[in-house]
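The values are calculated or read from the model by the stated rules, or taken from the named source; none is laboratory data. Only a predicted model underlies this, so the values are computations on that prediction, with no experimental measurement involved. A quick note on method: Cβ atoms are made from the backbone with ideal geometry, for glycine too, and the neighbour counts reach across all protein chains shown. Protein only, heavy atoms only, side chains kept; ligands, DNA and RNA dropped before computing areas. Shrake-Rupley method; radii C 1.70, N 1.55, O 1.52, S 1.80 Å.
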Amino acid sequence: MYPPPYYQTDDSTQLQAFLQQHYFGLLLSHIGGIAYTPLPFLFEWQGEAAKAYCHLARNNQQLKHLDGAEVSIIIQGPHAFVPASCYQQQPAVSTWNYALAELTGTARLLDLQQTLALVRKQEAHSAPGMLQAADYQQKLVQAIVGVEIDISQMRGRFKLSQNKSASEQQRVIAHLQQVEQPGSVWQLMQQAGQS
């Protein structure tokens, strides 16, 4: 399987922590071809059980075949170019470090009241100080459809220089600290204990 096993994880604690910070991604389904919509997701955890929630515009063609369908969610986190000059062992090739989560599950469309409740949860999560008028929310839910996804499998790909020595990992972190914005790959590397 590609990428190599040392880049992959199914550790639910690690994946939950990742998805708490990174929750915008792609909802993929199959409707004679691959259909996808970029969306923010809201995740709920109950022990090992997980659900994902999102909403789509009512006129989105992906909705027509979504109820009861197997779907995938791809959430991409930080990523960064790693130049070959970071490595002591030469010759070396440049690469790209990244983090992402892949989830699969079964979708179920929500009714108007469930969609309204979802919108309120999403709003409280993303913009807790913002309160929309109830009549506006009622109009909003006429134009969207909420989706609940019962997650059956979660796995992550965290390609963070695990195949390099500790000193080379430190060189990558030092390089990325100089060229990246905060909240990026070098911080994930430090959190993963790769120093």
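Just one of the listed residues (143, 50) is touching a strand residue (DSSP E or B) at 6+ places or on another chain (Cβ under 8 Å) and buried (at least 18 other Cβ atoms within 10 Å of the Cβ), and it is 50. If you check residue 95 against the conditions, is it under 17 Å from residue 39 (Cα atoms) and at pLDDT 90 or above? Answer is no for this residue.
State which residue is surrounded by the fewest Cβ atoms within 10 Å (Cβ to Cβ) when the search covers only the range 55-73 and only residues that are assigned to a strand (DSSP E or B) and of a type outside the set (D, E, K, R). So the residue we want is 57.
Among 112, 116, which is open to solvent by 30 Å² or more (accessible area, probe 1.4 Å), at pLDDT below 95 and either among the polar types (S, T, N, Q) or farther than 30 Å from residue 177 by Cβ (or both)? Quick ask: steps written out before the conclusion?
Numbers: 116 fails: open to solvent by 30 Å² or more (accessible area, probe 1.4 Å).
Checking each option against the conditions leaves just 112.
Sub-8 Å Cβ pairs linking a first residue in the range 93-110 that is more than 20 Å from residue 4 (Cα to Cα) and touching a residue at least 60 places away in the same chain (Cβ under 8 Å) to a second residue that is in a strand (DSSP E or B) and hydroxyl-bearing (Ser, Thr, Tyr), at least 6 apart or interchain, are 107/29, ordered by first then second residue. Filter the range 1-44 down to the residues that are touching a helix residue (DSSP H, G or I) at 6+ places or on another chain (Cβ under 7 Å), without any contact (Cβ under 8 Å) to a residue 40 or more places away in the chain and surrounded by 15 or more Cβ atoms within 10 Å (Cβ to Cβ), then identify the one that is nearest to residue 188 (Cα to Cα). That would be 43.
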